[in-house]
Each structure stands twice: as structure tokens, then as C-alpha cells.
Amino acid sequence: MVPSALVLGASRGIGRQIALTLAGAGYRVGVAAKTVHDTPKLPGTIYTVSDEITSRGGHALPIPCNVRNPEEIDNAVSTCIQEFGGLDFAVYNAGAILWEKVIDTPLKRFDLMMDVNVRGAYVMIQAVLPHMLERKSGRILLEAPPIYSRFFNGKAPYAVTKVGMTVLVQGLARELENTGVSITALWPATTIESHVTTVKGVPPAFFRKADIVADACLAIAQEPTERLNGKALIDEDYLRSLGVTDFSKYQCLPGTEPPRIMPRRFPSLRVEEEDQVTIPDSKL
């Protein structure tokens with residue numbers, strides 16, 4: 001059976017490339033995002049991405065979806081299931097970002113990041129889980145980072161929302177053990193080329209093409225076991241674990257490897273049995 005996927009936040013950047021890469025590998029792809037009208041300031045829509053896919057012989061289904069509206073996420077999921085006959089892979093790439101200190105982050109912007117990052121991911125998961133659990137098969141992917149303190153510096157409000165997604169991945173993974181369904185977090189090792197890097201005029205020597213994230217995403221989708229359940233992966237490190245050694249094709253400036261912005265080693269969050277504290281029922 002032809003596999004199917006839903007990508008939320010697929011109108012440009014990483015989401016667009018994930019949709020293109022999955023379609024190129026034979027997936028029928030639900031291309032979902034809020035943007036339905038192209039503008040000079042914000043180029044790319046669900047329709048332009050879908051046209052790119054179909055022009056290459058792929059199967060795309062454009063779906064308008066504002067992730068701040070739970071009904072629209074539910075509709076995106078149900079539409080894919082109905083049109084494709086099932087859903088094998090669900091990717092949450094939608095995101096809101098503001099890298100500022102607490103004092104410089106208005107509540108309105110914090111609420112936006114909470115709604116788009118944590119709440120939207122939660123809604124998508126709740127929408128896809130019943131279907132995947134019934135089939136005893138499925139992969140869920142959130143664009144979220146490993147948990148480590150340096151990520152919080154200078155952008156605590158944003159970090160709260162992104163790390164909240166990682167907590168969701170690692171907590172839900174326990175509930176999904178031995179179900180055939182798994183959830184994974186993925187984050188880039190370097191800055192990735194995007195509309196933002198273009199607008200801000202960031203030199204291409206400092207970032208990679210979105211293809212690296214998309215290639216890692218495809219490999220996760222095709223993972224035959226639940227081995228990646230609960231893992232918070234880095235794109236480069238995960239691809240290296242699969243045997244990839246040449247990353248030159250991802251360079252935006254040929255011959256130049258961009259600086260890595262993520263640590264090469266992360267602290268273990270595993271709690272050993274002897275570290276656990278048992279609270280008597282009478283104290284609960």
C-alpha cells in the first residue's frame with residue numbers, strides 16, 4: 001500500500017522540503033498550513049508546494065490549516081485519512097518564534113508561541129493517535145529540541161514552548177510502548193536556510209539547506225521499529241548513525257561547513273532506579 005503523510009506547517013522552509021522529500025519517496029502528502037495566498041513578504045503557499053509535488057509526479061493534497069484552530073487540525077487529519085485511506089506519518093513543523101528575554105516578550109506573543117508550538121502539536125497528536133493505535137502502526141514527528149540548559153539562555157519564553165513539545169514526546173513515548181506507534185523529536189545541528197535567513201541577509205556560510213532535516217525526517221518515517229520512540233534527535237547525528245558521512249550536499253555555500261549551534265553531547269535525563277523517591281500514599 002502506498003504510504004501517506006501529513007505535514008503541518010508545509011508552505012515554506014523546512015516544512016516545504018519535508019513535503020517534497022516525502023513525496024519524492026512515494027508518499028501521498030497532505031500539505032497543510034495557514035498560508036493560502038502568496039505575497040512578496042511571505043512567499044509560498046500550500047498550493048505552490050502542492051504544485052511543485054505534482055509537477056514532479058507526486059501526489060499532494062493541499063489543506064488550509066491554522067494550527068491555532070483545533071477544528072482545522074482535526075479536519076486536516078480526517079481529510080488525509082479519508083482521501084488516502086489511512087495515515088502513516090504525521091509531522092508537526094508549524095512554529096512561532098521570538099528569541100527575546102522574559103521582560104521583552106509580551107504576553108500576546110508568549111500566548112501565540114504556546115498556541116502554535118505546544119498546543120497545536122498536542123491537538124495534532126490527539127487527532128492522529130486513535131487512528132494509528134487502531135492500526136497498531138504509525139510515526140509522529142515534532143520539530144523540537146533536546147532538553148539542555150543552554151537552549152534557554154536569552155529566549156526562555158520561546159524555550160518553554162519548544163521544550164514543552166519535547167516533554168510531550170518523551171512522556172507520550174511511555175504510553176506508546178509496544179503499541180506499534182512511536183513519537184520522535186527532531187532538531188537541526190546548524191542554522192537552516194529559510195525565509196527568515198533570506199530576509200535578515202544571513203550569509204550562506206552560516207546555514208545548511210533544509211534537505212538535511214527532510215532526509216532525516218524521511219528516515220524516521222521509514223524506521224521499521226519503535227526504536228526511535230521518545231528520542232530527541234539531531235539531524236546530522238541521526239544521519240551519521242545511519243552511515244551518512246558526506247554532508248557537503250547540504251552546504252549553502254559550496255565548500256563551507258556551517259558552524260554547529262547544538263552541542264555534540266547532551267546530558268542524560270534518565271532517572272536511575274536508586275535515584276527515585278517513593279512517596280507513601282498517605283502523602284498524596
#### Entry: ILE261 long-range amide H proximity, modeled H, under 5 Å
THR190, THR191
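Cβ under 12 Å from VAL29's Cβ, VAL29 left aside: what net charge do those residues give with Lys, Arg +1 and Asp, Glu -1?
0
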### Query
Can you give the FRET efficiency for THR54 and ASP237, using 1/(1 + (r/R0)^6), R0 = 30 Å, r = Cβ-Cβ distance, to the nearest 0.05?
0.35
### Query
If the chain between ARG227 and LEU133 were fully stretched, how many nm would it gain, using 0.36 nm times the residue separation less the Cα-Cα distance?
32.1 nm
### Task
Identify which of the listed values of log10 I(q)/I(0) by the Debye sum over Cα atoms at q = 0.10, 0.14, 0.16 Å⁻¹ was calculated from the structure shown: [x] -0.52, -1.05, -1.39; [y] -0.66, -1.13, -1.28; [z] -0.51, -0.97, -1.25.
[x]
### Query
Over segment 29-159, what percent of the accessible surface lies on carbon and sulfur atoms, probe 1.4 Å?
55 percent
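Leaving ligands, DNA and RNA out of it, rank ARG12, ARG208 by accessible area with a 1.4 Å probe, largest first.
Largest to smallest exposure gives the sequence ARG12, ARG208.
Going by accessible area, probe 1.4 Å, with all protein chains left in place, what is the ranking of PHE152, PHE110, largest first?
Sorted by accessible area, descending: PHE152, PHE110.
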#### Entry: Largest-first ordering by accessible area, 1.4 Å probe, given options LYS41, LYS101, LYS162
LYS41, LYS101, LYS162
### Message
Can you compute the equivalent ellipsoid semi-axes for segment 114-271, i.e. the square root of 5 times each eigenvalue of the Cα gyration tensor, sorted largest first and rounded to whole Å?
### Response
27, 19, 15
#### Entry: Heavy atoms of THR105: accessible area, 1.4 Å probe, square angstrom to 10
20 Å²
### Query
What does the accessible area per residue of the chain come to in Å², with a 1.4 Å probe and no ligands, DNA or RNA counted?
51 Å²
### Message
Can you tell me which lysines have their Cα less than 25 Å from the Cα of LYS209? Leave out same-chain residues fewer than eight positions away.
### Response
LYS34, LYS41, LYS155, LYS162, LYS200, LYS231, LYS249
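If you roll a 1.4 angstrom probe over the protein chains with everything in place, what fraction of the accessible area of segment 194-245 belongs to carbon and sulfur, to the nearest %?
Its accessible area is 58 percent carbon and sulfur atoms.
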### Message
Suppose each label sits 7 Å from its Cα in the direction of the beta carbon; what would the LYS249-ARG150 distance come out to in nanometres?
### Response
2.9 nm
### Query
What does the accessible area of THR35 come to, in Å² to the nearest 10, when a probe of 1.4 Å is used?
20 Å²
### Message
Helix-only estimate, please: 222 nm mean residue ellipticity of the chain, summing -39500 (n - 2.57) across DSSP H runs of length 4 or more and dividing by its residues, to the nearest 500.
### Response
-11000 deg cm²/dmol
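The values are calculated or read from the model by the stated rules, or taken from the named source; none is laboratory data. What you see is a predicted model, and the numbers here were worked out from it, not measured in a lab. Every residue, glycine among them, receives a Cβ derived from its backbone with ideal geometry; neighbour counts consider all protein chains shown. For accessibility, only protein heavy atoms count, side chains too; no ligands or nucleic acids. Shrake-Rupley method; radii C 1.70, N 1.55, O 1.52, S 1.80 Å.
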